[in-house]
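Here the structure is laid out as structure tokens; the discussion comes afterwards.
Bear in mind that the values in this text are calculations on the coordinates, not laboratory data. Owing to the predicted nature of the structure, the values given are computational and were not obtained by experimental measurement. Here the Cβ positions follow ideal geometry from the backbone for every residue, glycine too, while neighbour counts run over all protein chains shown.
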Amino acid sequence: MSLVKEKFLKLGAEYAPGQEVRQNTNEVKLRGEKIPGTPVDFSHGDVNAFEPIPGSLDNFIEGVHIGGEQAYTEYRGSKMIRENVAEKLSNFTGTTINADQNFIITPGTQGALFLAMGSTISRGDKVAIVVPDYFANRKLVEFFEGEVVPIQMEYFHTNTCAGLDLNQLEDAFKAGVKLFLFSNPNNPTGVIYSQEEITA
Ligand SMILES: Cc1ncc(COP(=O)(O)O)c(C=O)c1O
């Protein structure tokens, strides 16, 4: 079997994101708390909870009248967008993000993860992944032939933090882990990491 075929077989494409949780309920434990308010389904692409941002139609029409480019944009994404978002992100994160050097626009987060992981994972590299976490993280590590090192998150019995096993994470780094992947809020549980966990 060709290497490419092997890789794609390993990816497993039976379920769309979100459906994995629906169809494999043993894998993810649900706390089942009653939460007030209208439920929002955060499954991939299913979020339909908000009205469009006020004025967005006017902005769109204005943009059509201004006209635009029909050609490819710069590889890193339009300079105007990069500068605008880099400034906002710099303010938000408190670090300086250079629009020309530290920034690239991608068609979605998954595209960004693919590029980031493709440029950091070599065959055999150890990559720590929170369990459970975004379904594609594991698949991407396997695609780039890294070795998955699971880090348990005991979200079930805690209310003050996400429940990440920080000792296990530290041991993993001591044992040669090169990269650590986590989503915040965590997908699929919706758990948010505490300040202490993020700092640690
Ligand atoms: C943690 C996480 N990463 C990446 C993605 C994929 O994002 P996108 O649709 O922007 O590719 C999702 C989508 O739900 C997600 O929850």
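The residue of the stretch 106-123 that is farthest from the ligand (Cβ to nearest atom), among those that are hydroxyl-bearing (Ser, Thr, Tyr) and out of contact with any helix residue (DSSP H, G or I) (no Cβ under 6 Å at 6 or more places or on another chain), is Ser122. Of all residues in the stretch 140-155, those that are touching a residue at least 24 places away in the same chain (Cβ under 8 Å) have Cβ atoms under 8 Å from Cβ atoms of residues that are in a strand (DSSP E or B) and charged (D, E, K, R), 6 or more apart or on another chain, in Val141/Glu147; Gly146/Lys126; Val149/Lys126. For the stretch 163-200, filtered to residues that are touching a Pro at 6+ places or on another chain (Cβ under 9 Å) and not in a helix (DSSP H, G or I), the residue that is nearest to the ligand (Cβ to nearest atom) is Asn187. Selection of the stretch 76-102 for residues being among the polar types (S, T, N, Q) and surrounded by 13 or more Cβ atoms within 10 Å (Cβ to Cβ) yields Ser78, Ser90, Asn102. Residues being within 16 Å of the ligand (Cβ to nearest atom) and of a type in the set (Ser, Thr, Tyr) are entirely absent from the stretch 84-102. Would you check which residues across the stretch 177-197 are over 13 Å from the mean Cα position of the chain (by Cα) and in contact (Cβ under 8 Å) with a residue 24 or more places away in the chain and list them? Across the stretch 177-197, the qualifying residues are Val177, Lys178, Leu179, Thr189, Val191, Ile192, Tyr193, Ser194, Glu196, Glu197.
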